[in-house]
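What follows is a set of notes on a single structure, which appears directly below.
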Amino acid sequence: MLNGSDLAVVVFGLAAAAAWGGGDFSGGLASRRTSVTGVVIVSYTVGFLLLIFLALLRSEPLPSGADLFWGIAAGLAGVVGLTAFYRALAIGQMGILAPVTGVLSAALPVAAGIVTQGLPGTIRLIGFGLALISVWFISRSEEHEGKGSRPIGLGLAILAGIGFGAFLTLIAQVSPTAVFWPLAAARAASITFMLIVATISRQKWIPPRGLLPLLVLGGSLDSIANAFYVLATQAGRLDVAAVLSSLYPASTVLLAALILKERMSRIQITGVATALMAIVLIVAH
């Protein structure tokens with residue numbers, strides 16, 4: 001039976017996965033109609049403002065220098081990962097590159113959790129393994145199966161996975177009393193980085209007004225997911241929080257099937273079923 005701490009990390013971790021999946025779905029829809037740079041800058045700005053509001057609403061104490069450091073470092077790592085990920089998908093096969101990024105981004109905080117907190121139980125380790133396999137399956141599509149083409153963009157996909165994994169690991173280092181302020185610092189660092197890149201490259205990034213509701217939704221869900229993830233790491237083990245949160249592709253795929261009527265492939269259905277089995281094993285440690 002789960003104690004209070006175990007229940008909290010499971011609830012917060014799965015909530016982060018659901019919100020991240022919804023945010024990716026919203027951002028993906030917007031990216032089809034405008035530049036990725038604009039989507040990131042506007043949605044991140046919305047998320048930054050929301051995090052500031054939540055910090056004030058919660059009366060969260062101002063962050064220490066260390067918490068600001070971890071937040072800024074996490075934000076820079078995350079935006080480098082995001083930039084590399086979108087670039088990889090632009091030049092390579094999504095069905096190969098997305099699973100590499102997803103599994104690697106989950107594996108890094110799992111490794112960090114094991115190093116700092118020791119090995120979890122055998123059943124939970126099996127659950128971790130199934131969860132990583134499920135992320136791979138869910139991110140793949142049958143149209144890419146059996147193709148022997150060289151994986152162009154693999155290096156960028158690996159860099160993206162390292163960036164995302166570093167974000168998850170670094171933001172988990174904030175103090176137990178800090179949630180929203182370090183995340184706001186992370187968002188500020190990411191926005192500054194993207195604005196510098198857009199200025200240097202002279203990109204036209206301002207999206208059309210009609211996309212604003214979608215960007216507000218995506219930015220809000222992404223920031224809420226980050227907060228749930230931080231709460232999960234504070235409630236229990238880092239590796240458990242990271243693995244459960246990494247199941248976010250499942251909610252993205254399910255939303256695409258429900259709203260856009262995209263057909264789930266057999267391998268994606270297998271991945272969702274595998275994710276459910278993984279959750280059972282992780283919870284029933």
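The values are calculated or read from the model by the stated rules, or taken from the named source; none is laboratory data. In this text, all values refer to a predicted model and were calculated from it rather than measured experimentally. All Cβ positions, even for glycine, are placed from backbone atoms using ideal geometry, and neighbour counts span all protein chains on display. For accessibility, only protein heavy atoms count, side chains too; no ligands or nucleic acids. Shrake-Rupley method; radii C 1.70, N 1.55, O 1.52, S 1.80 Å.
Figures for the structure shown
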| item | result |
| --- | --- |
| Pairs where the first residue, in the stretch 9-35, is surrounded by 22 or more Cβ atoms within 10 Å (Cβ to Cβ) and the second is not in a helix (DSSP H, G or I), C-beta under 8 Å, 6+ apart | Val9/Gly236; Val9/Arg237; Ala17/Ser246; Ala17/Leu247; Ala30/Pro207 |
| Residues that are open to solvent by 10 Å² or more (accessible area, probe 1.4 Å) and of a type in the set (A, V, I, L, M), drawn from the stretch 228-241 | Leu231, Ala235, Leu238 |
| Odd one out for Ile206 among (1) outside any helix (DSSP H, G or I); (2) under 20 Å from the mean Cα position of the chain (by Cα); (3) among the aliphatic types (A, V, I, L, M); (4) surrounded by fewer than 17 Cβ atoms within 10 Å (Cβ to Cβ) | (2) |
| Check on Ser43, at pLDDT 85 or above, in contact with a Ser or Thr (Cβ under 9 Å, 6 or more places away or on another chain), open to solvent by less than 40 Å² (accessible area, probe 1.4 Å) and of a type in the set (S, T, N, Q) | yes |
| Hey, Arg58 open to solvent by 50 Å² or more (accessible area, probe 1.4 Å) and either modelled with pLDDT under 85 or touching a Gly at 6+ places or on another chain (Cβ under 9 Å) (or both) or not | no |
| Residue identified as open to solvent by 50 Å² or more (accessible area, probe 1.4 Å), in a helix (DSSP H, G or I) and within 21 Å of Ala275 (Cα to Cα) among Leu258, Leu244, Leu212 | Leu258 |
